[in-house]
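Rule-based calculations on the coordinates, nothing more; no lab input. Quick caveat, the model's predicted, so the values are computed rather than measured. We place every Cβ from the backbone using ideal geometry, glycine too, and count neighbours over all the protein chains shown.
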Amino acid sequence: MEGKKNLKRMRWMMILNGIPVTALQWFSIIFWVVKGIWQPFVLWVIVAAVWGTFVSRYYFRHVKYICPECDEIFKPTLWEAFWANHTPTTRKLTCTACGQKGFCVEIWEGEEA
């Protein structure tokens, strides 16, 4: 249960940290359209890319996945996990133990099945 609480806390932290970045991006777009000044937009695209990279790396450092076929707990590569189809609690990954590709349940790094 502690792992579920940690995942929920981390997801809320990501959402709450993302709101100001998103709001400032929208402000910069509106500012560009209304005033014709595009430099704030470019700045916030860079800020959003850096923020997104940092948050993604943080997120994937703290989660593992359970294979639906063999119940193996594994950690995919950042690249595979980032680009995989997903729902809020699962991700379509290839198990490192059995090679099965399917929707794997996400768990907190320290949690055991």
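Spot the failing condition for Thr89; the list is (1) more than 18 Å from Arg9 (Cα to Cα); (2) loosely packed, with under 14 Cβ neighbours inside 10 Å, and only one is missed. Thr89 satisfies every listed condition except (1). Can you spot a residue in segment 4-19 that is more than 11 Å from the chain's Cα centre (by Cα), loosely packed, with under 13 Cβ neighbours inside 10 Å and small (Gly, Ala, Ser)? No, because not a single residue in segment 4-19 is more than 11 Å from the chain's Cα centre (by Cα), loosely packed, with under 13 Cβ neighbours inside 10 Å and small (Gly, Ala, Ser). Regarding segment 35-57, can at least one residue be identified that is touching a residue at least 40 places away in the same chain (Cβ under 8 Å) and either under 30 Å from Glu106 (Cα atoms) or exposed (fewer than 15 other Cβ atoms within 10 Å of the Cβ) (or both)? Yes, segment 35-57 contains at least one residue that is touching a residue at least 40 places away in the same chain (Cβ under 8 Å) and either under 30 Å from Glu106 (Cα atoms) or exposed (fewer than 15 other Cβ atoms within 10 Å of the Cβ) (or both).
Out of all the residues in segment 60-113, which are of a type in the set (Phe, Trp, Tyr) and either farther than 22 Å from Glu2 by Cβ or without any contact (Cβ under 8 Å) to a residue 12 or more places away in the chain (or both)?
Once the filter is applied, which keeps residues that are of a type in the set (Phe, Trp, Tyr) and either farther than 22 Å from Glu2 by Cβ or without any contact (Cβ under 8 Å) to a residue 12 or more places away in the chain (or both), segment 60-113 yields Trp79, Phe82, Trp83, Phe103.
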